[in-house]
């Protein structure tokens, strides 16, 4: 259980014993009084496990098949390593009929196709920046 769930159990048990009102519990839990009554009813019916979110531990309805994700990432690594994530998703859709989002090609530490990184782009020179500041008509 999370800290939030444990705090809810603690506060709602105080409400059950009469040491705290439902309104005070709602303020402590940062929920409306109506929601506090709902939580209290569920706590009395199901105990502490009734306060845990019902979707905890389940995979998202929007999640992709892991095999499809791995296949898309492997395609990008092997054939399209120099593409950015947006272009890579467009190419995967056009050439491979594989619809994935840009975020799918992100394996936590950054996009899979890292060859397009800013190392290939020279930084703007300081002299050019200074010129822009001093002579706005020039640029």
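The values are calculated or read from the model by the stated rules, or taken from the named source; none is laboratory data. Predicted, not measured: the structure shown is a model, and the values here were computed from it. Neighbour counts are summed over all protein chains in view; Cβ atoms, including those assigned to glycine, are modelled from backbone coordinates with ideal geometry.
Points to keep in mind about this one:
- Among residues that are in the same structural domain as residue 105 (by TED's automatic domain parsing) and assigned to a helix (DSSP H, G or I), residue 11 is not included.
- Members of region 65-100 found to be within 23 Å of the chain's Cα centre (by Cα), surrounded by fewer than 14 Cβ atoms within 10 Å (Cβ to Cβ) and not in a helix (DSSP H, G or I), listed by number: 65, 99
- Among the residues of region 1-31, those identified as under 26 Å from the mean Cα position of the chain (by Cα), farther than 18 Å from residue 46 by Cα and exposed (fewer than 15 other Cβ atoms within 10 Å of the Cβ) are 3, 30.
- Scanning region 1-29 for residues that are without any contact (Cβ under 8 Å) to a residue 40 or more places away in the chain and within 16 Å of residue 53 (Cβ to Cβ) gives 2, 3, 4, 6, 7, 12, 29.
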